Amino acid sequence: MKKTFLIIFLSFLVLSLSAQEKEVKTGWKFGGALPAITYDSDLGFEYGALAEFFNYGNPSVYPDFLDHTYTEISRYTKGSGIYRFMFESRHIIPGVWWISDLSYLPNQAATFYGYNGYESVYNKDWMDDKLASPPYRTRMFYRYQKNQFRFKNDFQGKLSGDHLKWSAGLSFQDFTTSSVNINKINKGKKVLLPSVDSMPGLFERYKALGIIPADEAKGGWINTLKVGLTWDSRDNKPNPMKGLWTEIGLEVAPKFMGNNWGFSKLYIIHRQYFTLIEKNLSFVYRLGFQATISGHAPFFYQTEVITSRLTGATSEGLGGSKTLRGILLDRVVGDDFFMGNIELRWKPLYFKFFKQDCYMGLNGFYDFGMVTKNIKLPNNLQSTFNEVYPAENYSDYFKPGTEKLHQSAGASLMLVMNQNFVIAIDCGKAFNVQDGNIGFSIGLNYLF
């Protein structure tokens, strides 16, 4: 079982480029920073920091902004990490909101729980090293290595009036996938993990059974074009109290852009915000649908949740802190999926910190989602399984026809400075043990 000891120092570090006594923010401001130190017994120590800068303009457009930069450099001593620079501007290209993201995201132990939700069985005891063997197998049973390079540019402009907008995007992404580097993870340990040859994980078994084809197993380039429409009537982007934010779009990975796989995906996301108590209490929800409408997407891209723009270092699921909080990351993977989030958002406390405007928020949430179209498995899968793994039970891995709604609920603590810098602390509980137990995360921004 993964053991994580989290030591996070949350702080608002404020630098003003103009006098701090001014209530209206102008020019560039140091929005905030979040240093973090964590330890994971499989990945090592994590160290690094993130920081944000905002340009509020002169005359000021606060609490909106003209430009925004976000930089994060954090890594584990055994190789995983986040190296990300994001820049967005609402004025450099006249009439266009431009978001550019350049990232390298090495992951020594990415999660992989199989396809089609509950139709792939999750056996938590196989990863629990506190248990005898059997049932314990290896902490890396549901893991594989995935390194991602990403250069992504998203654009948005007005189409009609103040709310109807067009969106477009161009991205270049290179994925490198393989088995977990057990030798690297074992370095410096007294109790060693078994090699993938002696104890293959689910990733290795999917390759052996032909579920993951050989041409996908090592990764590859996914270069995409994206077009869409957005209706956005939110009154405040970081935490709206009223309005709609709905988007529909199409992402295409054409062969002529150097892709090994050609496919297209449709995405629809609807968000709505209701004020219950002026400035202090709101009811909000998000509904999303994503479908592969042509071609074949490789296994390592099926976890991507497509939106008109990124709001974090990653956008993947279903499961995890960006989609279904409390449910295992990437637990619900299919060709098509449906998801939803419902939140009650309260601001019980406003305060000043280094003369900056701050508030604390408390949220209660309910998340849900499910696969609506399965990733197709080989027709002769059970007979192949019995041949390749004659000493094991097919039903320990696959249960066709059992997919249903995945659900979780929990609470969030939000610490917000100058309306734009948001630290989110989420704790969610899965309703079904097949989805995990309790998920805890610390990150930036409201979920939507």
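The values are calculated or read from the model by the stated rules, or taken from the named source; none is laboratory data. Here the structure is a predicted model, which means the values were calculated and not measured. We place every Cβ from the backbone using ideal geometry, glycine too, and count neighbours over all the protein chains shown. Heads up: the accessible areas ignore ligands, DNA and RNA and are worked out on the full protein's heavy atoms, side chains in. Shrake-Rupley method; radii C 1.70, N 1.55, O 1.52, S 1.80 Å.
Relative contact order, percent, of the stretch 49-142 when contacts are C-alpha pairs under 8 Å separated by at least 6 residues? Kindly include the intermediate steps, with their values, before the conclusion.
Details: 148 pairs, mean separation 15.5, N = 94.
Across the stretch 49-142, relative contact order equals 16 percent.
Between Y144, L193, P213, whose Cα lies farthest towards the positive end of the dipole of the stretch 119-248 when Lys and Arg beta carbons carry +1 and Asp and Glu beta carbons carry -1, centred on the Cα centre?
L193
Roughly how many percent of the accessible protein surface of the chain is carbon and sulfur, given a 1.4 Å probe and a whole-percent answer? Intermediate results must be reported in sequence, preceding the final value.
Details: 12080 of 19380 Å².
Exposed carbon and sulfur together represent 62 percent of the surface.
At 1.4 Å probe size, what's the solvent-accessible area of I212? Round to the nearest 10 Å².
0
Report the gain in length on full extension from S178 to K130: 0.36 nm times residue separation, minus Cα-Cα distance, nm rounded to one decimal.
Values: separation 48, 0.36 × 48 = 17.28 nm, distance 2.67 nm.
Here the answer is 14.6 nm.
Per-residue counts of other Cβ atoms within 10 Å, averaged by peptide: what ranking do you get for 230-240, 250-260, highest first? Can you show the working numbers first?
Numbers: 230-240: 17.4, 250-260: 15.5.
Listed from highest to lowest mean packing, they are 230-240, 250-260.
Using Cα pairs under 8 angstrom and six or more residues apart, how large is the relative contact order of the chain, in percent? Don't skip to the answer; put the middle values down first.
On the way: 1178 pairs, mean separation 51.7, N = 448.
Over the chain, the number comes to 12 percent.
Solvent-accessible area of L266, probe 1.4 Å, all protein chains present, reported in Å² to the nearest ten, please.
So the heavy atoms of L266 present about 50 Å² to solvent.
What percent do you get for the relative contact order of the stretch 337-448 when only Cα pairs under 8 Å and 6+ apart count? Can you show the working numbers first?
On the way: 193 pairs, mean separation 26.7, N = 112.
Computed value for the stretch 337-448: 24 percent relative contact order.
How large is the accessible surface per residue of the stretch 303-383, computed with a 1.4 Å probe and reported in Å² as a whole number?
Working: 3110 Å² over 81 residues.
That works out to 38 Å² per residue.
Among (1) 21.5, 78; (2) 22.1, 69; (3) 22.4, 74, find the value of Rg and Dmax of the Cα atoms in Å that was calculated from the structure presented, and write down its label.
Here the calculated entry is (3).
Charges at C-beta only: +1 for Lys and Arg, -1 for Asp and Glu. How large is the resulting dipole of the stretch 311-429 about its Cα centre, in Debye rounded to 20?
Values: 12 positive and 12 negative charges, 128 e Å.
I would put it at about 620 debye.
Comparing S264, S412, S133, which has the greatest mean-square fluctuation in the GNM of the chain with Cα pairs linked when under 10 Å apart?
For the chain, modelled as a Gaussian network with Cα springs under 10 Å, the answer is S133.
Within 10 Å, Cβ to Cβ, of I375, how many net charges do the neighbouring residues add up to if Lys/Arg are +1 and Asp/Glu are -1? Walk me through the intermediate numbers first.
On the way: positive: K373, K376; negative: E119, D335, D336.
Local charge sum for I375: -1.
If you build a Gaussian network model of the chain, linking Cα atoms that sit under 10 Å apart, which residue out of F351, F155, F299 swings the most?
F351
Taking only DSSP H segments of four or more residues, each worth -39500 (n - 2.57), what value at 222 nm results for the chain once the sum is divided by all its residues, to the nearest 500 deg cm²/dmol?
After summing the helix terms and dividing by the residues of the chain, the value is -1000 deg cm²/dmol.
Suppose every K and R has +1 on its Cβ and every D and E has -1 on its Cβ; what is the size of the dipole of the stretch 45-91 about the Cα centre, in Debye to the nearest 20?
Details: 4 positive and 6 negative charges, 47 e Å.
The calculated dipole for the stretch 45-91 is roughly 220 debye.
For K25, list the lysines whose Cα falls under 24 Å from its own Cα; do not include residues on the same chain fewer than 8 positions away.
Of all the lysines, those that pass the test against K25 - Cα under 24 Å, at least 8 places apart if same chain - are K237, K242, K279, K347, K352, K355.
Dipole magnitude of the chain about its Cα centre, charges +1 at Lys/Arg Cβ and -1 at Asp/Glu Cβ only, in debye to the nearest 20? All intermediate terms of the calculation are to be shown ahead of the outcome.
Values: 48 positive and 41 negative charges, 115 e Å.
Rounded to the nearest 20 debye, it is 560 debye.
For L170 and F274 in the same chain, what is the full-extension length gain: residue separation times 0.36 nm, less their Cα-Cα distance, in nm?
Taking L170 through F274 to full extension adds about 34.1 nm, to one decimal.
How far, in nm, would the chain grow between I293 and N437 when pulled straight, counting 0.36 nm per residue and subtracting the alpha carbon separation?
Working: separation 144, 0.36 × 144 = 51.84 nm, distance 3.32 nm.
That works out to 48.5 nm of additional length.
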